[in-house]
Amino acid sequence: MKKKIIVTAAVIAVLLLGLSSLVVTAENEYRLVRQFGRISRVIDEPGLSFKIPFIQSTDTYPKETLLYDLVPSDVITRDKKTMITDSFVLWRISDPVSFAQTLNGSVTNAENRINTAVYNALKNAISSLNQDQVISSRDGELSEMVMSRIEDNMDQYGIELLMFETKQLDLPDDNKDAVYERMISERENIAATYTAEGDSEAQKIRNTTDKEASITISEAEKQAEILIAEGEAEYMRILSEAYDTAEKTEFYSFVRSLDALKASMENGDKTVILSEDSPIADIFNGYGVENGE
């Protein structure tokens, strides 16, 4: 019985010893192995590893990206206007050894350092801008300015700042309406300037177009008159060539007289009164002479 008890106790001791030597590292964490209080190694890959029981111990630190929400605070612009900022940062532990040595491995201590560094950078960035510039830089420019002012100041703590963003950048309630009205007035003045410049440019374009159209029409009318004159001259030339003899001239007079007679007998009127010296009367007189009348 005593032997069984001793064996059982030995097995239990071995199991406890074996379990205490196992180190299970998750994917989203660092494991720091300490020996007599000093860091001996860092486990940054997920899986199973071992340590010396009772001699070595482990600390666990987060490996994933962390969010720190800064407390809303007042800042002063270059033109001495007060603004309220509410922002946050994304950060992670980049060097767990430095993190453990400088901040005692405390996330709270890390957030305090981040808060101080980010607030100072934000205050310096906004103090270099007028209020209007601060408001217009909310689309990313302000974030870049803050990140550039922090630079690598957090490396000594084993911390990497990944991103700074402003959730809200607002005015105090007591002067918000006045500032908005002034900004609206300035935007309306800019819009009116652009509108006036556009109208002026449009008028110049219309004047230029009207002038070019007038010149084009004048040239077209000039060319039309030239063509008409040339056509009439050609018509007269052809006509003179066609009737350049007495016989052709007499025939032309005969045809014109018939055309005049035809025109006078329109609308059912069949009676024609002619004088003796009328060219048309000459046609009928000539016809009667030929027939012995």
| message | From the phi angles alone, apply the Karplus equation (6.51, -1.76, 1.60; θ = phi - 60°) to the range 33-39 and give each ³J(HN,Hα) in whole Hz, x where the residue is Gly or Pro. | response | 9, 10, 10, 6, x, 9, 6
| Could you sort GLU64, GLU241 by accessible area so the largest value comes first, with the probe set to 1.4 Å? | GLU241, GLU64
| query | With every protein chain left in place, what is the accessible area of PHE99 in Å² (1.4 Å probe, nearest 10)? | reply | 0
| field | Paramagnetic label zone (point 7 Å from Cα along Cα-to-C-beta, GLU230; backbone N under 20 Å) in the range 186-222 | value | 216-222
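Taking all protein chains together and a probe of 1.4 Å, list ASP44, ASP199 from the most accessible to the least accessible. Spell out each step's value before the answer.
Details: ASP44 70, ASP199 95 Å².
Sorted by accessible area, descending: ASP199, ASP44.
Protein chains only, probe 1.4 Å: how do MET183, MET163, MET83 rank by accessible area, largest first?
Working: MET183 25, MET163 70, MET83 0 Å².
Sorted by accessible area, descending: MET163, MET183, MET83.
Counting only protein heavy atoms, what percent of the accessible surface of the range 129-237 is carbon or sulfur at a 1.4 Å probe?
On the way: 4050 of 7820 Å².
C and S fraction of accessible area: 52 percent.
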| request: Take every Cα pair under 8 Å in the range 30-189 that's 6+ residues apart, average their separations, divide by the length, and report that relative contact order as a whole percent. | output: 25
| Residue-normalised accessible area of the range 74-149, expressed per residue, 1.4 Å probe, Å² | 47
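Ignoring ligands, DNA and RNA, what percent of the 1.4 Å accessible area of the range 81-126 is carbon and sulfur? Could you put the intermediate results ahead of the total?
Details: 770 of 1840 Å².
Whole-percent figure for carbon plus sulfur exposure: 42.
The values are calculated or read from the model by the stated rules, or taken from the named source; none is laboratory data. Treat the numbers as computed from the prediction; the structure is a model and nothing was measured. Ideal geometry is used to build each Cβ from the backbone, glycine not excepted, and the neighbour counts take in all protein chains shown. Protein only, heavy atoms only, side chains kept; ligands, DNA and RNA dropped before computing areas. Shrake-Rupley method; radii C 1.70, N 1.55, O 1.52, S 1.80 Å.
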